[in-house]
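Some notes on the structure that comes next.
The values are calculated or read from the model by the stated rules, or taken from the named source; none is laboratory data. From a predicted model like this one, the values you see are computed outputs, not experimental measurements. When we count neighbours, we look across all protein chains shown, and the Cβ atoms used for this are built from the backbone with ideal geometry, even at glycine. The area values use the complete protein model at the heavy-atom level, side chains included, leaving out ligands, DNA and RNA. Shrake-Rupley method; radii C 1.70, N 1.55, O 1.52, S 1.80 Å.
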Amino acid sequence: MKLAVPAETGTDERRVALTPPQVAELVGQGFEVTIQSQAGARAGFHDEAYLAAGAAIANDHAQTVAAADLVVRLEPPSIDQVGDLPEGSTLISFIWPKRSPELVEALRARGVTTLAEDCVPRITTAQKLDALSSMANLSGYRAVLEAASALPSFFSLQMTAAGRINPATVLVIGAGVAGLAAIGAARGLGARVRAFDTREASRDEVKSLGADFLDLDFEEDGDGGGGYAKVMSPAFIEAEMALFREQAKEVDVVITTALVPGNKAPLLWDKGMVESMKPGSVVVDLAAHQGGNCECTVAGESVDVGGVTVIGYTDLASRMAPTASTLYGGNILHFIKELGGNDGFSIDLDNPITRGALVTHKGEVMWPAPKPEPRPAPKPAAAVAQAASATTAAAKAPAAKPKKKSGHGHGGHAAPASEPSSGWLAPLIGVILLGVWAYLRFGPWQGSSVSVEAREFVQHLTVFVLACFVGWQVVWSVTAALHTPLMSVTNAISGIIIVGGLLEGARGGSLDVAMVLGLAATLLATINIAGGFLVTHRMLRMFRR
Ligand code: NAD
């Protein structure tokens with residue numbers, strides 16, 4: 001297959017769709033790659049590197065794509081560039097079909113098969129080719145760096161001989177991919193971080209990164225299904241803004257990332273809030289390209305509003321062009337693999353990823369794809385955690401509307417799927433124990449010579465049955481998030497098994513079944529403990545810098 005990589009044309013666009021090592025990988029798979037001259041130069045990837053990777057260099061857009069079967073790029077092509085694409089070729093790129101119906105029509109009329117990176121469905125199997133997430137991750141991180149460089153103070157607590165400087169307080173609005181990346185970066189720099197999102201499911205993610213989740217006393221679930229947010233009611237937005245109005249006086253940095261797919265960004269930070277912020281504070285509006293969450297945002301610019309810096313850059317990922325290109329190219333490689341690679345390239349309409357991303361195909365507009373299956377509702381465990389959590393702002397949240405006792409989102413849930421279905425377990429164990437005790441106490445052999453052996457046998461059998469039972473419940477019914485603490489408990493149990501196994505296995509005398517079993521138990525328990533240590537060690541290594 002012939003694959004073409006045109007140069008991006010936007011003035012702020014420094015990224016390129018494939019890096020030289022990725023081109024080399026595709027050439028190795030049998031692709032013939034042509035790249036437009038200087039396409040990677042602004043990301044630090046020069047023509048020589050592409051030549052060395054096995055690509056051909058073409059002078060302009062028309063020449064680059066002239067014979068292409070597959071064209072990969074970042075930004076959508078212009079209508080003029082669509083005219084250069086060969087009929088029947090496939091284009092993978094950001095398209096934003098809702099914003100550009102003329103472009104979609106031009107691609108359809110040209111007979112191009114268009115796969116939009118921005119339409120890749122949010123399903124687990126699509127994560128590796130989801131460029132929106134890769135770029136949002138970079139943007140969230142970069143937003144914090146922009147804020148830190150504009151803030152005339154430290155992000156972290158400073159104890160110096162000259163005095164103490166408190167850490168910056170950062171508020172992140174919207175805890176999707178970009179918001180979570182921003183929280184991680186701000187925490188990494190030592191700031192105190194608060195966050196808010198309309199999706200209840202994001203609460204645990206925020207807290208797991210060490211930030212506080214702001215409570216809003218208003219019952220409305222923001223989950224629009226499939227991981228997407230939904231447009232909130234005006235009353236909710238009003239209550240949310242009242243919460244932020246209080247926050248505005250306290251925080252040093254606000255990073256807004258709130259978006260609802262296919263809609264204008266909600267206005268959440270008005271001019272009054274900007275004016276009430278401390279002088280020198282910073283607002284970074286990651287929703288600037290969708291109209292902005294902040295009333296003072298100027299898309300693509302950084303403006304001073306009465307001493308507060310409001311940053312509305314729309315090229316945050318592009319400011320980290322080499323890394324952004326590497327990640328985007330990685331997404332493209334996975335996309336090409338999903339489509340069958342060089343040997344089996346095809347558009348499979350039954351593949352949910354391909355179908356979701358498909359915008360035009362065989363002269364037809366295929367967008368929007370049928371809606372993806374909604375994701376299961378957030379686990380009630382999160383709601384329990386919510387009830388237990390309290391943040392500094394909670395007390396200040398306006399009581400916009402009394403909480404309803406609804407069966408949705410908060411309280412009043414059925415048992416979560418991951419919880420052990422143990423309602424019947426405790427009574428059952430109680431009945432078994434009672435039965436065994438009664439059998440031993442009042443059984444027909446009382447006083448006979450058989451009674452001691454029988455009693456021991458039944459005791460051992462009881463312990464064995466209960467151990468199997470409890471072990472089965474513990475291993476299969478404990479939620480995955482608790483497997484690490486569970487491991488510690490099983491290690492402790494294994495320690496007891498080793499003591500028992502050694503007592504039995506090394507009691508001397510001739511070898512019998514009990515000794516063999518004791519030694520085997522010692523061996524298995526030792527493997528469990530050593531394995532536990534190894535796994536823990538590996539996990540800890542992941543967190544070591
Ligand atoms: P996004 O960029 O569309 O929106 C950013 C965040 O803004 C979202 O979390 C949204 O809930 C929030 N928001 C919207 N309105 C708000 C308001 N009024 N106030 C406060 N916050 C508001 O979202 P995203 O970053 O693309 O991801 C959203 C969800 O989808 C996340 O849970 C993410 O993990 C999930 N996701 C899954 C996949 C996948 O499985 N392949 C890929 C990407 C994202």
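Straightening the chain between LYS371 and THR11 buys 126.1 nm, computed as 0.36 nm per residue apart minus the Cα-Cα spacing. Beta bridges assigned by DSSP with both partners in the chain are antiparallel in approximately 25 percent of cases.
Helix 425-442 and the longest principal axis of the Cα set of the chain meet at an angle near 10°.
Take the cross-link list LYS128/LYS207; LYS264/LYS362; LYS230/LYS278 and give me the ones stretching past 28 Å between alpha-carbons.
Details: LYS128/LYS207 25 Å; LYS264/LYS362 31 Å; LYS230/LYS278 32 Å.
Correct reply: LYS264/LYS362; LYS230/LYS278.
Average accessible surface for the chain: 50 Å² per residue, computed with a 1.4 Å probe over protein heavy atoms with every protein chain in place.
When N is the residue count of the chain, what does its C-alpha Rg come to as a fraction of 2.2 N^0.38 Å?
Working: Rg = 30.4 Å, N = 545, 2.2 N^0.38 = 24.1 Å.
Ratio of Rg to 2.2 N^0.38 Å for the chain: 1.26.
With all protein chains present, how much of the accessible area of region 251-341 (probe radius 1.4 Å) comes from carbon and sulfur, to the nearest whole percent? Show your work: numbers first, answer last.
On the way: 1610 of 3090 Å².
Looking at region 251-341 in its full context, I get 52 percent from C and S.
Considering the dipole of the chain built from charges on the beta carbon (Lys and Arg +1, Asp and Glu -1) around the Cα centre, which of ILE493, ALA162, ALA67 is farthest to its positive end? Going by the Cα projections, it comes out as ILE493. Each peptide among 508-514, 177-183 gets the average number of other Cβ atoms lying within 10 Å of its residues, and from highest to lowest they stand as 177-183, 508-514.
Summarising the amide proton neighbourhood of THR360: residues at separation of 5 or more, or on other chains, whose placed amide H is nearer than 5 Å comprise THR114, MET366.
Kindly state, to the nearest 0.05, the FRET efficiency for VAL431 paired with THR526, given R0 = 41 Å and r defined as their beta-carbon distance. List each step's numbers first, then the result.
Details: r = 35 Å, r/R0 = 0.87.
It comes to 0.70.
The trypsin sites (Lys or Arg not before Pro) of region 228-272 meeting both criteria, a DSSP state outside H, G, I, E and B (loop) and at most 13 other C-beta atoms within 10 angstrom of the site's C-beta, are LYS249, LYS264. Look at the alpha carbon pairs under 8 Å that are at least 6 residues apart: their mean separation over the length of the chain gives a relative contact order of 13 percent. Each label was represented as a point 7 Å from its Cα along the Cα-to-Cβ direction; for SER100 and LYS278 these points are 4.3 nm apart.
Distance from the C-alpha centroid of region 56-73 to that of region 192-214: 45 Å, rounded to the whole angstrom. Using the Cβ-Cβ distance between LEU534 and ALA492 with R0 set to 22 Å, the FRET efficiency from 1/(1 + (r/R0)^6) comes to roughly 0.80. A Förster distance of 60 Å, applied to the separation of the beta-carbon atoms of ALA514 and SER233, puts the FRET efficiency at 0.30.
Rounded to the nearest 10 degrees, the inclination of helix 131-150 to the longest alpha-carbon principal axis of the chain is 80 degrees.
Packing, taken as the mean count of other beta carbons within 10 Å per residue, orders the peptides 488-498, 45-55, 314-324, 14-24 from highest to lowest as 14-24, 314-324, 45-55, 488-498.
A Cβ-based charge dipole, computed about the Cα centre of region 50-190 with Lys and Arg at +1 and Asp and Glu at -1, lands at about 780 debye.
Counting only Cβ charges, +1 for Lys and Arg and -1 for Asp and Glu, the dipole size of region 98-150 around its Cα centre is about 120 debye.
Quick one: with all protein chains in place, what share of the accessible area of region 118-233 is carbon or sulfur, to the nearest percent (1.4 Å probe)? Spell out each step's value before the answer.
Working: 2400 of 4520 Å².
Solvent-exposed carbon and sulfur of region 118-233 make up 53 percent of the total.
Between LEU349 and ILE57, 0.36 nm times their residue separation minus their Cα-Cα distance comes to what? Walk me through the intermediate numbers first.
Values: separation 292, 0.36 × 292 = 105.12 nm, distance 3.35 nm.
Separation in residues times 0.36 nm, less the Cα-Cα distance, equals 101.8 nm.
Axis angle, to the nearest 10 degrees, between helix 177-188 and the longest C-alpha principal axis of the chain: 70 degrees. Centre-to-centre separation between the Cα atoms of region 290-325 and those of region 503-545: 57 Å.
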